[in-house]
Each structure stands twice: as structure tokens, then as C-alpha cells.
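Input: a single structure, listed below in C-alpha cells.
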Amino acid sequence: MTKKKVLGISGSTRANSTNRQYILAFAEIAKETMDVELFEDIAGLPAFNPDLDNESVPDVVTSFRKKIRGVDGVLICTPEYAMGIPGSLKNAIDWTVSSCEFSHKPVALITASTSGSKGHKALIDVLNVIEAIPAKEEQLLIPFAKTKIDESNKIKDPATFEQLRDLAHQFYMKMTEANSAS
Ligand SMILES: Cc1cc2nc3c(=O)[nH]c(=O)nc-3n(C[C@H](O)[C@H](O)[C@H](O)COP(=O)(O)O)c2cc1C
């Protein structure tokens, strides 16, 4: 079995982010089949500006785009902010619209938030627009997310653990299919 390369992007830039923890928990659950690299620098991307989205594209953006191109799939794990997508995550995605890194890229989406349903839906809509269409089995909404994981990134809630395991399985299958189609 060939391990898949996955880029994990947390929509929270907080040092002790629950979403970052969920990416690490996912990486542990999926470690037999995937190597998950965390992309830690969405806050380092400048505010999207179409005037720079040409030959003057900033180096940090070029490196972000390369990272997405170089992996089999992307795991986005994000909170909901003000009933929507956190600005720094939306900004990072906006930098990929014209360059199409997400187009037909396998993407799994976890929204780990207090509630999260509106942000989750908003992000699915955005992913559809950029052709990164996660199937139902590759989407997971985890409400009350902080209560379901401990400080050593272990999932305390058995149902959530099962959901993450199923998501990892489906995501692996999706990446395998995408590899054989290309
Ligand atoms: C500015 C801000 C806005 C928020 N708005 C929402 C919201 O609309 N819905 C929700 O479920 N949680 C909201 N939250 C709470 C976050 O879901 C919760 O703090 C979550 O754990 C943050 O993720 P993190 O631990 O990865 O930073 C908000 C938090 C902040 C800081």
C-alpha cells in the first residue's frame, strides 16, 4: 500500500487551536495510509489582491500553491467564525482560485467548532466553486469540538473517533481513485 501525502490546513491560526489538534488526531488515526503535513502559515499569506495575482505573486503564495500541487489530498479543518468561514482560511483559498490548485484535488473537510453548521455549508459551497467537491463521506461537522478531544490530541468521544476513522478510509479511497484516473 502506497501512503498518500496529505496537506493539513487549519482554519484557526490560534497556537492552541482545537482544529490543529484534530488534524494531529486525524494524522495519528490515518498513519498507516497517509503522511499528513501541517501547513502552519495561512496567517503569513498576504491579503488577496488580484493586482498581485500575476507574475508578481508573492513567494509565500507560490510556495503555498506548490505544497497543494505536491500532495495527493488536502484536509481542511476549521472552526466557524461569525457564522461563516474564518477570514484567513478564505483568503488562502482565494489565492488558489485563478491558479486552480484545488481543481479536482481530493479534499476532506472537518468543521470543528462550537456549533459550525453555517460555516461548514459556506465552505462546501466555496469548495464546489473551485471544483474540490468533497463527497458527503469526506465531510464531517463536529459540534462542541473542544469537549471531544483531550490535551494530548486523543479523541475522547467514541462516536467522533469512529467518524474520523470512516472519513480517513473514504478519503484514502478518493485519493487512490484520483491517482489511478490521472
Ligand atoms: C471571532 C470568533 C467568532 C466565533 N464565531 C463562532 C460561530 O459563529 N459559530 C461557532 O460555532 N463558533 C464560533 N466561535 C467559537 C469557535 O468555534 C471555537 O472557539 C473553536 O474552538 C475555535 O477553534 P480553534 O480552537 O481551532 O481556534 C467563534 C470564535 C471566535 C474567536
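Each residue was assigned an accessible area with a 1.4 Å probe, and for Phe144 the value is about 130 Å². 3J(HN,Hα) couplings calculated from phi for region 95-109 with the Karplus curve 6.51 cos²θ - 1.76 cosθ + 1.60 (θ = phi - 60°) are, in sequence order, 5, 9, 5, 6, 8, 6, 4, 7, 4, 6, 7, x, 10, 10, 10 Hz; Gly and Pro show x.
Amide H contacts for Thr78 (H built 1.01 Å from N in the peptide plane; partners 5 or more residues away or on another chain; cut-off under 5 Å): Gly11, Ile110, Thr111, Ala112.
Computed on the Cα atoms alone, the convex hull of region 87-143 gives a volume of 70 cubic angstrom per residue. More than 26 angstrom separation, counting every C-alpha pair in the chain; what % is that? Value for the chain: 24 percent of Cα pairs lie more than 26 Å apart. Look at the alpha carbon pairs under 8 Å that are at least 6 residues apart: their mean separation over the length of the chain gives a relative contact order of 24 percent.
In this structure Lys105 has an accessible area near 30 Å², from a 1.4 Å probe over the protein heavy atoms. Bridgeable lysines around Lys146 (alpha carbons under 16 Å apart, same-chain partners fewer than 8 residues away excluded): Lys154, Lys156. Taking all protein chains together, Met173, Met1, Met34 sort by accessible area into Met1, Met173, Met34, largest first [probe 1.4 Å]. What the phi angles of region 131-138 give under the Karplus curve with 6.51, -1.76 and 1.60, with θ = phi - 60°, is a coupling list of 6, 10, 2, x, 5, 3, 6, 9 Hz, glycine and proline written as x.
Here's how it looks for Leu38: its modeled amide H is under 5 Å from those of Gly8, which are all 5 or more places away or on a different chain. Relative to the Cα centre, the charge distribution of the chain, modelled as +1 at Lys and Arg Cβ and -1 at Asp and Glu Cβ, gives a dipole magnitude of about 360 debye. Return the FRET efficiency for the residue pair Met173, Arg69: r is the Cβ-Cβ distance, R0 is 35 Å, and the value is rounded to the nearest 0.05. E(calc), rounded to 0.05, equals 0.95. Simple point charges give the picture: +1 on the Cβ of Lys and Arg, -1 on the Cβ of Asp and Glu, and for region 76-182 a dipole about the Cα centre of about 200 debye.
Only the Cβ atoms of Lys and Arg (+1) and of Asp and Glu (-1) were treated as charged; on that basis the dipole of region 24-65 about its Cα centre amounts to roughly 80 debye. The Glu162 and Asn16 beta-carbon pair, evaluated with R₀ = 45 Å, returns a calculated FRET efficiency of approximately 0.95. Computed from phi, the 3J(HN,Hα) profile of region 36-53 under the Karplus parametrisation 6.51, -1.76, 1.60 (θ = phi - 60°) reads 9, 9, 7, 8, 9, 10, 5, 6, x, 7, x, 4, 4, 9, x, 5, 9, 8 Hz, with x in place of Gly and Pro. Averaging 1/r over every pair of different alpha carbons in region 1-101 and inverting the result gives a Kirkwood radius of 14.3 Å.
Amide H contacts under 5 Å for His104: Ala132, Ile133, restricted to partners 5 or more places along the chain or on a different chain, H placed in the peptide plane at 1.01 Å from N. Along the charge dipole of the chain, pointing to its positive end and built from +1/-1 on Cβ of Lys, Arg, Asp and Glu, which listed residue (Asn54, Ile23, Leu164) has its Cα farthest out? So the residue furthest toward the plus end is Leu164. So, in Å, what gap is there between the alpha-carbon centers of region 112-141 and region 7-59? Centre-to-centre distance over Cα atoms comes out at 16 Å.
For the peptides 152-159, 75-82, the ranking by packing is 75-82, 152-159, with the highest mean count of neighbouring Cβ atoms within 10 Å listed first.
The values are calculated or read from the model by the stated rules, or taken from the named source; none is laboratory data. Because the structure is predicted, anything quoted here is derived from the model rather than measured. Backbone-built Cβ (ideal geometry, glycine too); neighbour counts: all protein chains shown. Calculation scope for accessible area: heavy atoms of the full protein, side chains included, ligands and nucleic acids excluded. Shrake-Rupley method; radii C 1.70, N 1.55, O 1.52, S 1.80 Å.
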